[in-house]
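Reading through the structure tokens given below for one structure.
The values are calculated or read from the model by the stated rules, or taken from the named source; none is laboratory data. Being a predicted model, the structure only gives us computed values, none of them experimental. When we count neighbours, we look across all protein chains shown, and the Cβ atoms used for this are built from the backbone with ideal geometry, even at glycine. For accessibility, only protein heavy atoms count, side chains too; no ligands or nucleic acids. Shrake-Rupley method; radii C 1.70, N 1.55, O 1.52, S 1.80 Å.
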Amino acid sequence: MDDLRELYQQLILDHNQHPQNFRVIEDATDTASGHNPLCGDEITLYLYVENEEVKDVSFQGSGCAISKASASIMTTIIKGKTVKEAEGIFDQFHIMITTGETTGDMGKLAVLAGVHKFPVRVKCAVLSWHTMNNALHGHNELTTTE
Ligand code: ZN
């Protein structure tokens, strides 16, 4: 039970209930969709990139608390970063979510560190990140966690 309580921290519950940047960017420069068949999480990610900087980022979709909170927290962190910085954060997040190791200052993302103990939930947490990474690199095909 302790582990589960650690997993569903208040910040995760808050982001699930009130997701940030949960909207469509009409003039998005990049979009990508992702699907996690294991849990049923669906996400469409919108990016507005100008001069190698993520000026705006948003998402739509439905899914479990972890997938939604992860996407919501991601948008708040990626917004305003350069594409290079966003890629670096993606790498850091990927290490943390698969090993529980945090490298550098993870900020709000640290609340998701406990997810690595639940392999099924890892797929929920990484979905939005892989989708974002694919959108950044112009891969518009459906991202799947399988
Ligand atoms: Zn899920």
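Within segment 104-112, identify whether any single residue is surrounded by fewer than 21 Cβ atoms within 10 Å (Cβ to Cβ), farther than 22 Å from Asn16 by Cβ, of a type outside the set (A, V, I, L, M) and away from the ligand (no atom under 16 Å from the Cβ), and answer yes or no. Within segment 104-112, one or more residues are surrounded by fewer than 21 Cβ atoms within 10 Å (Cβ to Cβ), farther than 22 Å from Asn16 by Cβ, of a type outside the set (A, V, I, L, M) and away from the ligand (no atom under 16 Å from the Cβ).
Test Glu146 against the criterion of being within 16 Å of the ligand (Cβ to nearest atom), open to solvent by 10 Å² or more (accessible area, probe 1.4 Å) and farther than 24 Å from His18 by Cα, and give yes or no. Criteria met by Glu146.
Residue by residue, here is whether (1) part of a helix (DSSP H, G or I); (2) under 23 Å from Leu7 (Cβ atoms); (3) among the basic types (Lys, Arg) holds:
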{"position": "Phe59", "(1), (2), (3)": "no, yes, no"}
{"position": "Ile73", "(1), (2), (3)": "yes, yes, no"}
{"position": "Gly80", "(1), (2), (3)": "no, no, no"}
{"position": "Glu85", "(1), (2), (3)": "yes, no, no"}
{"position": "Val120", "(1), (2), (3)": "yes, yes, no"}
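When segment 47-59 is filtered for residues that are touching a residue at least 24 places away in the same chain (Cβ under 8 Å) and over 12 Å from the mean Cα position of the chain (by Cα), the ones remaining, listed by number, are Leu47, Val49, Glu52, Glu53, Val54, Lys55, Asp56. When His116 is tested against (1) at pLDDT 95 or above; (2) surrounded by 14 or more Cβ atoms within 10 Å (Cβ to Cβ); (3) within 16 Å of the ligand (Cβ to nearest atom), exactly one condition is not met: (1).
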